[in-house]
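Written out below as structure tokens is the structure these notes cover.
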Amino acid sequence: MRFKKPRGTQDLFGDRMRSWAKVEEMLAALAGGYGYSEIRTPVFEVSDLFVRAVGEGTDIVSKEMYAFADKKGRSLTLRPENTAPVMRAFLENGLHRSGGITKFWYQGPMFRYDRPQAGRYRQFHQFGAEAIGHPGPAVDAEIIDLSLAIYRMFGFTNLEVRLNSVGCPVCRPGFLNILRNALGSMKSELCGTCSERAITNPMRIFDCKECVDIKNRLPVITDHLCDECSEHFEGLQSILRGMKVDFMLDSLLVRGLDYYTKTAYEVLHPGLGGQNALCGGGRYDGLAEECGGGKIPAVGFSAGMERLMENLPEEFAGKIGLDPVDAFFILPDESVSAEVLRIAGELRSAALRVSVDLSGRSMKKQMKVASESGAPLAVIIGPEEIEKKEAAVKVLASGGQESVPFAGLSARIFQERKNEVD
Ligand code: HAM
């Protein structure tokens, strides 16, 4: 083979592709049912958007960006996430002028140059939602509920919701000083990366898989929240309890992006091991300003599609069957292609789903493919049938065969489709 797909990417086709398409359709319907509408933004943006929004000291920006210069030397980046692009689009299109809460959902590929492993890809897909325009904790609760509704819909059990508050520009600087002081005496115990983080971005130490012991001895932000953040955090917990949503407080949860303020949360699945976050999100009240807009509060989440698809409970996965056509056309002789393609076109215009086997393979082989396709009928048209203007129609389940005039084909195929439904 001369070419291979780039490392950390996947080809989707066949049964897996069908499952993805079905799940995507259900997710769109779910978000629509919460009053969210779809947004599509470009797959690449000006690099500076991510540098400012996600944060220079984060792994995503410092190590994982697919950044490139275009022909005019501008730095662009394949989006590593979609919250910053959605906020950019919201501001650029003047949507803040309409007031109220703007609710968007999205779905599509994201790109991070990370070390590929189970559940971690370089091109992966997210389904996400962002609610922009209101600071109250009820919006955070709706976002958390929508993200959990995804997993409920597919029959997931044993999920864990981890919840934290990461403070805001009022209380965080004070906490960072306290944290730096505490770290001062532990420097020798930190791993290489965290020694650097202790200076550049000390909260990231809470995300380190190596410095576990130290993390548990560090001061936590929830003990140092300002009144507004505390009130918001308490308010959110009380709404979630009222909604009967189970959650665990986790003061070590910081998330890998810098734009968060107040709420940060993740949904974990025990089957995922190291890469155990099915989805994550939180509030980002400062992002609009960082992007050059006004003070516009917002909250959202993104769910990893690969992690969802790779952990779909069997029960649901088994229900996604074939999506067969109504009739599978078999050609004993390639000389009749033009006529058969014309007939197939007419049937499709009448809203029937028709597949034509143009492979020139043996009748036996074509019949086998027809049976495996799940189509209820095989329609055989060769030179003889063209002459008589009649097709040989075979009911694949029973093996029964009949002659049907071309003029009656559409009615016969519709009848079989109705029989199948009944
Ligand atoms: P994130 O935690 O970076 O947050 O990503 C969200 C989810 O995307 C993860 O929980 C995981 O399921 C999936 N994911 C992330 N990286 C990979 C990867 N390399 N391979 C496979 N799956 C991956 C965000 O992206 C934020 N934009 C979430 C958000 C929305 N916050 C507010 N609104």
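No value in this document is a laboratory result; all are computed from the given coordinates. Because the structure is a prediction, the values reported are computed rather than measured. Cβ placement follows ideal geometry from the backbone for every residue including glycine, while neighbour counts extend to all protein chains displayed.
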List the lysines whose Cα sits under 19 Å from the Cα of LYS262, skipping any in the same chain fewer than 8 residues away. LYS295
Work through the residues other than LEU352 whose Cβ is under 11 Å from its Cβ and net out their charges, Lys, Arg +1 and Asp, Glu -1. +1
Compute the angle between helix 337-349 and the longest alpha-carbon principal axis of the chain, please, reported from 0 to 90 degrees and rounded to the nearest 10. 60 degrees
Under a Cβ-Cβ cut-off of 12 Å, what is the net charge of the residues other than MET203 that fall near it, where Lys and Arg count +1 and Asp and Glu count -1? +4
For the chain: relative contact order, % (alpha-carbon pairs under 8 angstrom, 6 or more apart): 15 percent
Non-local amide H neighbours of ALA391 (under 5 Å, H modeled in plane, Pro and chain starts lacking H): which ones? VAL404, PHE406
Could you give the size of the charge dipole of the chain about its Cα centre, using +1 on the Cβ of each K and R and -1 on the Cβ of each D and E, expressed in debye and rounded to the nearest 20? 920 debye
Which of CYS229, CYS191, CYS291 has the fewest Cβ neighbours within 10 Å, and the rest in rising order: CYS191, CYS291, CYS229
Can you compute 3J(HN,Hα) from phi for each residue in the stretch 362-373, using the Karplus curve 6.51 cos²θ - 1.76 cosθ + 1.60 with θ = phi - 60°, rounded to whole Hz and x for Gly and Pro? 4, 4, 4, 5, 5, 5, 5, 5, 4, 4, 5, 5
Compute the Rg to Rh ratio over the chain from the alpha carbon atoms, using the Kirkwood formula for Rh, and round to two decimal places. 1.11
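Checking the a/c ratio against 1.5 first, then a/b against b/c, what shape does the Cα gyration tensor give for the stretch 1-136?
In terms of gyration-tensor shape, oblate.
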To the nearest 0.05, what FRET efficiency results for LYS418 and CYS208 with a Förster distance of 56 Å applied to their C-beta separation? 0.35
Net charge of neighbours whose Cβ lies under 12 Å from the Cβ of ALA375, counting Lys and Arg as +1 and Asp and Glu as -1: -3
May I ask you to sort VAL61, VAL212, VAL369, VAL267 by Cβ crowding, counting other Cβ atoms within 10 Å and putting the fewest first? VAL212, VAL369, VAL61, VAL267
Decide, for the stretch 109-185, between rounded, prolate and oblate: order the square roots of the alpha carbon gyration tensor eigenvalues as a ≥ b ≥ c, take rounded if a/c falls under 1.5, and otherwise choose prolate if a/b is larger than b/c, else oblate. oblate
Hey, fewest Cβ within 10 Å first, where do MET1, MET248, MET186 land in order? MET1, MET248, MET186
Taking amide hydrogens as modeled 1.01 Å from N in the peptide plane, which residues meet the under 5 Å criterion relative to PHE329, leaving out close sequence neighbours? SER355, VAL356, ASP357, VAL379
Would you mind classifying the stretch 324-421 by shape? Square roots of the alpha carbon gyration tensor eigenvalues, ordered a ≥ b ≥ c; an a/c under 1.5 is rounded, otherwise it is prolate if a/b is larger than b/c and oblate if not. rounded
Loop-resident trypsin sites (Lys or Arg not before Pro) in the stretch 236-338 with no more than 14 other Cβ atoms inside 10 Å, DSSP not H/G/I/E/B, are LYS244, LYS295, LYS319
Please give the calculated 222 nm ellipticity per residue for the chain, where each DSSP H segment of at least 4 residues contributes -39500 (n - 2.57) and the sum is spread over every residue; nearest 500 deg cm²/dmol? -11000 deg cm²/dmol
